[in-house]
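Have a look at the structure below before the remarks.
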């Protein structure tokens, strides 16, 4: 049955994601999971007095979207929704656990309560004198909980520390000196720090110690070169794109840094498979618009279902306040293949901006329409501290970033409508989390990433629709050569660049290691940088070849700053002994 419903996947890969990943309940079949999730997400509409006949139609529609791999809710929703053992659990993907880590007994129980809802967690250690000790303690707690074998999702956390903390150098070295497998770590920087670091200037830490921040940035680059940590976070930049930062400022992020979060704040993620909206003539924007409107409703239902099920009332309060959701995408690299576009081309970036701006714009209108039916989130009552109402949030963030699909005038019209009516159900609607397991279920490359590696998609035991997309592309461009021989050569060499394909075709099949870090960063910046077209941020790790230098890592950190990114991580190929081989 797995192969029937997910025929685009090898049974090995699908079994690993659905069964070993515990998305399926024990003994559950995939079609039963579909029914379980659709029932849970739409039975909640009874509180909105939706007629039962309409609810049945909506359930069928979501089921069809899922079976066609066009839309999938995030894996915490697939795992939790409708399962008896999670009947008191929220469906959120991430949270900043609202605890005081100095009170370890109480904090430990609260953290475990969120873990048991399959939620990834963020922690900011800046307020504490001993951040590394607390980092170690939370990691030990994660390891102890993992050892119980009670969890249906890997326990993942992010630990953040502001660069001005007196223990910042010890924090930067934390993962180099210790085994902390349950944590990503990042340093929270700002404009002043980065400009001073680039100039090699001194800076005063919070305890008065004066250090050379250029050397501190190099220390960060050296450690990232060694093992991938730390990354860089700009909470200051994230809060500039937080329309209610005066009410709930972001203090940390989701585990992969794609979204800023206030204490107790959570988010529902859902994914659109971009390849399902391609035609030979171009993107089917009419169908994509329908999918965006529908997924906005699905995720808002997820918020409604989750309210009252969080371990802490703070999460319930902020869910009422903001009802934040995160519509995301999968398969951008596959989309480029469909239109013969190299990932690192200007035209690819323009197309990506067009598509994501369209999704973002219509998700906002969908939220407006939902507010007309269900009421706005509570943050819309705070006219003096909500920049939709008291400022020019949409005008400044998006109207200046016109694309070929959504004009400045359209953004201005939407902003004026929200200001005049006060209608907005979800304070923010889009983000770009990593989508690892979801993209495998959909059979496409994750999120906005380039093809990770040829063997990942074409090697034995992991054939997915991505391999079929590549296979179709190779057949299309093979000319008089044997397509299978080209594929075999690419698998053996780990690259298409030495094959007999035409140069333009080879350019479209570059892997992440063959695309310059500069071009990878430009893609992210065009989509979610300070001049981007999507809310929040993206989970982004630049993959470097093994022979890359510390200097290269340092240049990436500086370029990410200059391009306006809100976060960045770097990973050097094979720098960790247990490097994943599959996405």
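Every number in this text was worked out from the coordinates using simple rules, so none of it is lab data. These figures come from a predicted structure and were not determined experimentally. Ideal geometry is used to build each Cβ from the backbone, glycine not excepted, and the neighbour counts take in all protein chains shown.
Ranking request for peptides 298-308, 84-94: highest mean number of other beta-carbon atoms within 10 Å first, then the rest in descending order.
298-308, 84-94
Want the number for residue 137 to residue 46: 0.36 nm per residue separation, take away the alpha-carbon distance, what's left?
The residue 137-residue 46 span can extend by a further 28.4 nm.
Set the Förster radius R0 to 45 Å, insert the Cβ-Cβ distance between residue 372 and residue 35 as r into 1/(1 + (r/R0)^6), and round the FRET efficiency to 0.05.
Step by step, r from the Cβ atoms, then E = 0.90.
Calculate the spin-label point distance for residue 191 paired with residue 104, positioning each point 7 Å from the Cα along the beta-carbon direction, and give it in nanometres.
The modelled label-to-label distance comes out at 4.1 nm.
Based on other C-beta atoms within 10 Å, arrange 508, 330 from fewest to most.
508, 330
Which option, (1) 23.5; (2) 25.2; (3) 29.2, is the value of mean projected area of the Cα convex hull in nm² that was calculated from these coordinates?
Derived directly from the coordinates: (2).
For the stretch 248-336, what percent of Cα pairs sit more than 21 Å apart?
Here the tail beyond 21 Å accounts for 43 percent of pairs.
Would you please give the FRET efficiency between residue 54 and residue 518, computed as 1/(1 + (r/R0)^6) with r the Cβ-Cβ distance and R0 = 45 Å, to the nearest 0.05?
The value I calculate is 0.35.
Can you give the extra length, in nm with one decimal, that the chain gains between residue 346 and residue 475 once fully stretched, where that is 0.36 nm per residue apart less the Cα-Cα distance?
Value of the extension gain: 43.9 nm.
With a ≥ b ≥ c the root eigenvalues of the C-alpha gyration tensor of the stretch 496-583, is it rounded (a/c under 1.5), prolate (a/b larger than b/c) or oblate?
Taking the square roots of the gyration eigenvalues as a ≥ b ≥ c, the stretch 496-583 is oblate.
Taking every alpha carbon pair in the stretch 294-356, what does the distance histogram look like in 5 angstrom bins from 0, in percent?
4, 16, 18, 13, 9, 10, 10, 10, 8, 3, 0
Normalised by the number of residues in the chain, what is the relative contact order in percent for Cα pairs under 8 Å and 6+ residues apart?
For the chain, the relative contact order is 16 percent.
Taking the Cα-to-Cβ direction at residue 64 and at residue 407 and moving 7 Å from each Cα, how far apart do the two end points lie in nm?
It is 3.3 nm.
Based on the Cβ-Cβ distance of residue 240 and residue 482, what FRET efficiency does E = 1/(1 + (r/R0)^6) give at R0 = 45 Å, to the nearest 0.05?
Using R0 = 45 Å, I get an efficiency of 0.25.
For the chain, what is the calculated [θ] at 222 nm in deg cm²/dmol (nearest 500), taking -39500 (n - 2.57) for each run of four or more DSSP H residues and dividing by its residue count?
Helices in the chain give a 222 nm mean residue ellipticity of -13500 deg cm²/dmol.
Between residue 417 and residue 555, what is the spin-label point distance in nm, taking each point 7 Å from the Cα along the Cα→C-beta axis?
Reported label-point gap for residue 417 and residue 555 is 4.6 nm.
With just the Cα atoms of the stretch 165-315, tell me how far they stretch along each of the three principal axes, in Å, largest first.
56, 46, 34 Å, listed from the longest principal axis down.
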